[in-house]
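Visitor: Okay, here's the structure, questions in a sec.
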Amino acid sequence: MIPEIGHFALILALLLAIAQAFFGLAGAARGQVAWMQAARSAVAGQAVFIALAFGALTSAFIRKDFSVLYVATNSNSELPIFYRIAAVWGAHEGSLLLWALCLSGWTLAVTALSTSLQAAFRSRVIGILGLISIGFLLFMLTTSNPFERLVPAAVEGRDLNPLLQDFALTIHPPILYLGYVGFSVAFAFACATLIEGRLDSTWARWTRPWTIAAWIFLTVGISLGSWWAYYELGWGGWWFWDPVENASFMPWLAGTALIHSLAVTEKRGLFKSWTLLLAVSAFSLSLLGTFLVRSGVLVSVHAFATDPARGLFILGFLTCVIGGALLLYAWRAPRLKSAAGFELAARESFLLFNNAFLVAALGLILLGTLYPLFMDALNLGKISVGPPYFNMVFMVPMLPLLLLLGIGMHATWKRSHLQPLRNRLIGIAAVALVIALVAGAAVYGHIRPMATLGFALAFWVMGSSLMIPLSRLRARQALPGAVLGMSIAHFGAGLVTLGITGVQSFKIEQDVALAVGEATTIAGYDFRLAALRQVQGPNFVGVEADVLISSDGKTITTLHPQKRLYNSGGNPMTEAGIEVGAARDLFVALGEDLGQGRWSLRLQYKPLIRYIWLGALLIALGGGIAGLDRRYRRVKAGETAMDAATEPSR
Amino acid sequence: MKASLRFLVPAVLFAALVGFFVVGLQKDPSVIRSPLIGKPAPAFTLESLEDPARKVGAADFAGRPWLLNVWATWCGGCRQEHAVLLEITREGRLPLVGLNWRDERALAQQWLAQLGNPYASVAFDPEGRTAIDWGVYGAPETFLIGADGKVLHKQIGVMTQEIWRRDFLPLLAAGKGS
C-alpha cells in the first residue's frame, strides 16, 4: 500500500509542477498577482508530495519490501540498515527521485528566501524551475518508476552494489546532486532575466550566493567521490578522467567561471551576456552529465543500468531545456549592453583571463569526453581517450591560470595599482621557486622540470593568497568575508596543486607477490606480510592480511587490507589498507591469491596526496565564507523600493 | 544584425551536439569490432572437456561454417544464454563449439549434465591461452567462423534470439550463397 501512496504522490507532484510552471510564467507575463501566489503555493505542495514519495521509498527499503522491484534489485535482508537507507539512491530510479527532491528543496528555498525580489521576476524563476521539475517527474513516471511492483514478490533481494556499500559513497550522491541541481537556480535566474530583457547589478548580487551554495556542494561532492575512488576501488588512483567524473567536473568548471564573472557583472556591470551564458551552461552541463551517465552513450567504469528509451527521453528533455534557453539567449542577449571599459592591469582583465582559461579547460575536457562518441557517430571507428590526453590538455590552461591568479587577486577594479605590490609579489615568486627546487632536491632526491613548476606555482598561489589577509590585519583594516573567503579558497587551490604535483611526480607503485613472512621495500619502507586470515562480515566473507610497515627497523603501523566476496555475488571487492600521513600515504591493496600461500599485493607510496582533498575542502570553505558575506544578507529594503519604482505600470 | 548573430553560436553548437547524441544513441558503445574479423581463425588444439584423451581443434571444423562460444561456470551471462545456445543447436544449421575458459573440469561437466549440452564438442582451456589468441575480453563471447576459415563476426556478451537472427543468420545466409 505504501509504495502506491508514493507513486500517487509523484503523480500529484507532477500536476503541481505543471501548475507551478504555468501560473509562475503566465502570472508574471499577465501581471496576475493571484496566479503568482498560486505558483508559490504549488512549490510548497510539490515539495510535500515529493518528500512523501521519497519517504515511501525509504520505508519500503527499511521494511525490506521485496515486492517492490527497485527494492528487490538494490537491497538484501542482510544489508545493514544504514546502507538500506542509502540504497534508496543506489541506482537509477531512486537517484532520479533524489534529483527531484533536491530540485524541489532548492525551489522551496528560493521561494522562501527571495522575498526581496521583484514579484514578477521571482514568479518567472519559480515557473522555470517548475518546467525543469516537470521534465524530471515525467521522466521518472514514464520510464523509471521506483515504485514498480514485482509480481510475484522476491523472497530475497539482489543486494546493493557492493562498491556502494561504503560511508563516503552513501553521502556522495546527495551532496553531488545538491550541487548539480543547485545550478538550476542560477539557470532560472538567467532565463528570467533574458525573458525580461534587462539586467542590472542587483541581478548578479542575487545570483551569486545561490551559485556559490551549489558550487560548494559540487566541490565537496566531487572531492568525496575522488576520496572514495582512492580507498575503495583498490587502484590507489584519485581521479580517472572517467566520463562520469568528467560529467561532474565540467559543471564545476563552468560554475567556477560563473562565480568569477558574476563578480565582474555585479561590481562593474560588465560581461553581462557572457555571465548569463555561463549561468545557462553550468546547469546545462549538469543535465548533460545526467544524460551521459543515464543513457549509456558512453562506456564508463560507473556501470549504470542503461536503457535506450531513457536515453531518448533525457535527450529530448535536454534539447528542450538547453536549446530553449540558448535560443532565448540568442534572441534577448544582444540587447544587454555592457557599460564601461577597463584597463589591462585591472581586476576585470584578470577575471577575463580566469574565465578564458577555465572555459578552455572545460571545452577540452568536453571534447575528450565526447570524442569517442563523435568518432563512432561518424563511423570512424571505436576509440577511447585516456588519462594521458586529459592530463596533458588540462595542464595547458591551468598553468597560466595559476600564474595569473597570484597577481590578479591583488588587482583592483577599473584601473590597477600593482606597482607598489610589485616587489612583494616578485619576492613571493622567488621564494616559491626556491622552495620548489629545494623540496624536489632534498625531499625527493631529484629535480624534475614539471614537478618544480607545479610546486613553484603551488607555493606562489598559497603565498600570494596569504598575503592579502596578513597585510590587511597588519594595517588593521577590516577583513570582510568576501575577501577572507577568496583568500582561503585560493590558498586551497594552491594546496590542491601541491598535492597533485607531489603525487603525480613522485608516487611509487609496485605490485609484488608475497607469502606470509616475506617482505619487500619501496621508498625506504619495509612492507612485511605478517598474517592472512578469513573474515566474516554481515553480508560478505573475505580475506584479511596483516601488513607490517617499518622504516629503519622501527615499526610504523600494521595495515589490514581486505578482499571481500559479497554473498550476493559479483566481483571481489578490495578494501585497501592506508597509513595516512601529512607527508605521504602508504597504500596496500590485496590482489589475487596466487596459490601456495602467495598473494599479490599492490603497494603504493603516495606523497602529499592528502593535500588534494584538504585543498578542495578549503576551496569549499572559502566559498562558504565568501557566500555568507553580509553584503548578500543585507535586507535590501532600499532596493526593493527601487525595483517597485522601476516596475512598468500596468 | 550581424553582430547579434554571434549570440546564436551557442545554440548552433548545441544543435550539432544533439545531432551527434541522436546518432550515438542508436549505437551500442560496447560493440567493439574484433581485429580478427576477416582474418583466418586462430588455430588451436586443446583437450576435450569430456575426455582429456581426446583433442579438439579448429581444424576439426574446417570447410564449413561453425560457431565458437566462450563460456565458464563462474559466468552469470553464460547461464542466461544457455537456453538460446540449446535452441541454436536444435535448429541444426551449424556446429557449435564450446571454449570452456578458465574453469574447473568437474564443475563444467556438471553444468552440462544439468543444463543440457548444446556443444558439438568443448575445448578445455583452463589457463586461457587460446582465449588470448582469440582476443577474448570476457565471457560469454561468440564467434562465427565461415567455411573459408575466416572469422565473420564476434558477439561480446549474452547471445539472444534477437541477436542471433539479426547479426548471425544474415551472415550465414550470405556465406552459403557465395
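The values are calculated or read from the model by the stated rules, or taken from the named source; none is laboratory data. As the structure is a computational prediction, the values presented were derived from the model and not from experiment. No Cβ is skipped: glycine too gets one built from the backbone with ideal geometry, and neighbour counts run over all protein chains shown.
Visitor: Quick one: count up the residues across segment A:513-531 that are surrounded by 17 or more Cβ atoms within 10 Å (Cβ to Cβ) and closer than 21 Å to A:Glu575 by Cβ.
Guide: Final tally of qualifying residues: 5.
Visitor: Moving on. Kindly indicate which of A:Arg424, A:Arg415 is more than 14 Å from chain B (Cβ to nearest Cβ), surrounded by 13 or more Cβ atoms within 10 Å (Cβ to Cβ), basic (Lys, Arg) and not in a loop (DSSP other than H, G, I, E, B).
Guide: Of A:Arg424, A:Arg415, the one residue that is more than 14 Å from chain B (Cβ to nearest Cβ), surrounded by 13 or more Cβ atoms within 10 Å (Cβ to Cβ), basic (Lys, Arg) and not in a loop (DSSP other than H, G, I, E, B) is A:Arg424.
Visitor: Is one or more of the residues making up segment A:236-246 modelled with pLDDT under 90, within 14 Å of another protein chain (Cβ to nearest Cβ) and in contact with a helix residue (DSSP H, G or I) (Cβ under 7 Å, 6 or more places away or on another chain)?
Guide: Looking through segment A:236-246, at least one residue is modelled with pLDDT under 90, within 14 Å of another protein chain (Cβ to nearest Cβ) and in contact with a helix residue (DSSP H, G or I) (Cβ under 7 Å, 6 or more places away or on another chain).
Visitor: Report yes if some residue within segment A:449-456 is surrounded by 13 or more Cβ atoms within 10 Å (Cβ to Cβ), over 25 Å from A:His490 (Cβ atoms) and free of Cβ contacts under 8 Å to residues at least 24 places away in the same chain; otherwise report no.
Guide: The first filter runs over segment A:449-456 and keeps only residues surrounded by 13 or more Cβ atoms within 10 Å (Cβ to Cβ), leaving A:451-456.
Checking which are over 25 Å from A:His490 (Cβ atoms) leaves us with none.
Scanning segment A:449-456, I find no residue that is surrounded by 13 or more Cβ atoms within 10 Å (Cβ to Cβ), over 25 Å from A:His490 (Cβ atoms) and free of Cβ contacts under 8 Å to residues at least 24 places away in the same chain, so the answer is no.
Visitor: Now for a different question. Quick check on my filter: what residues within segment A:523-539 are farther than 13 Å from A:Ile556 by Cβ and within 39 Å of the chain's Cα centre (by Cα)?
Guide: Those that are farther than 13 Å from A:Ile556 by Cβ and within 39 Å of the chain's Cα centre (by Cα): A:Leu529, A:Leu532, A:Arg533, A:Gln534, A:Val535, A:Gln536, A:Gly537, A:Pro538, A:Asn539.
Visitor: How many residues are at pLDDT below 75, away from chain B (no Cβ under 11 Å) and over 17 Å from A:Ser95 (Cα atoms) if we restrict to segment A:291-323?
Guide: The number of residues fulfilling the criteria is 1.
Visitor: Assess whether A:Leu233 counts as being among the hydrophobic types (A, V, I, L, M, F, W, C), at pLDDT below 90, surrounded by fewer than 24 Cβ atoms within 10 Å (Cβ to Cβ) and within 30 Å of A:Pro607 (Cα to Cα). Break it down into steps so the answer makes sense when it comes.
Guide: Details: among the hydrophobic types (A, V, I, L, M, F, W, C): yes; at pLDDT below 90: yes; surrounded by fewer than 24 Cβ atoms within 10 Å (Cβ to Cβ): yes; within 30 Å of A:Pro607 (Cα to Cα): yes.
It is true that A:Leu233 is among the hydrophobic types (A, V, I, L, M, F, W, C), at pLDDT below 90, surrounded by fewer than 24 Cβ atoms within 10 Å (Cβ to Cβ) and within 30 Å of A:Pro607 (Cα to Cα).
Visitor: Follow-up. Considering only segment A:361-373, state which residues are more than 14 Å from every other protein chain (Cβ to nearest Cβ) and either within 17 Å of the chain's Cα centre (by Cα) or surrounded by 18 or more Cβ atoms within 10 Å (Cβ to Cβ) (or both).
Guide: A:Ala361, A:Ile365, A:Gly368
Visitor: Using the structure shown, decide if B:Val97 is aliphatic (A, V, I, L, M) and buried (at least 21 other Cβ atoms within 10 Å of the Cβ).
Guide: yes
Visitor: Across segment A:446-486, what is the total count of residues that are closer than 21 Å to A:Ile435 by Cα and not aliphatic (A, V, I, L, M)?
Guide: Count: 11.
Visitor: Here is a further query. Hey, can you tell me all the residues within segment A:504-522 that are small (Gly, Ala, Ser) and within 35 Å of the chain's Cα centre (by Cα)?
Guide: A:Ser505
Visitor: Among the residues of segment A:154-165, are any within 22 Å of the chain's Cα centre (by Cα) and either under 30 Å from A:Lys267 (Cα atoms) or at pLDDT 95 or above (or both)?
Guide: No, segment A:154-165 has no match at all.
Visitor: Taking A:Val68 and the conditions (1) in contact with a Pro (Cβ under 6 Å, 6 or more places away or on another chain); (2) within 26 Å of A:Trp106 (Cβ to Cβ), which numbered condition does it fall short on, given that it satisfies the others?
Guide: In the conditions (1) in contact with a Pro (Cβ under 6 Å, 6 or more places away or on another chain); (2) within 26 Å of A:Trp106 (Cβ to Cβ), A:Val68 misses (2) alone.
Visitor: Suppose the filter is more than 19 Å from A:Phe350 (Cβ to Cβ) and either in contact with a Phe, Trp or Tyr (Cβ under 6 Å, 6 or more places away or on another chain) or assigned by TED's automatic domain parsing to the domain that holds A:Met486 (or both); does A:Leu276 pass it? Even if it seems obvious, please write down each step before you answer.
Guide: On the way: more than 19 Å from A:Phe350 (Cβ to Cβ): yes; either in contact with a Phe, Trp or Tyr (Cβ under 6 Å, 6 or more places away or on another chain) or assigned by TED's automatic domain parsing to the domain that holds A:Met486 (or both): no.
Criteria not met by A:Leu276.
Visitor: Show me the helices (runs of 4 or more DSSP H) entirely contained within segment B:1-108 in which 3 or more residues are within 14 Å of chain A (Cβ to nearest Cβ) and at pLDDT 90 or above.
Guide: B:9-26
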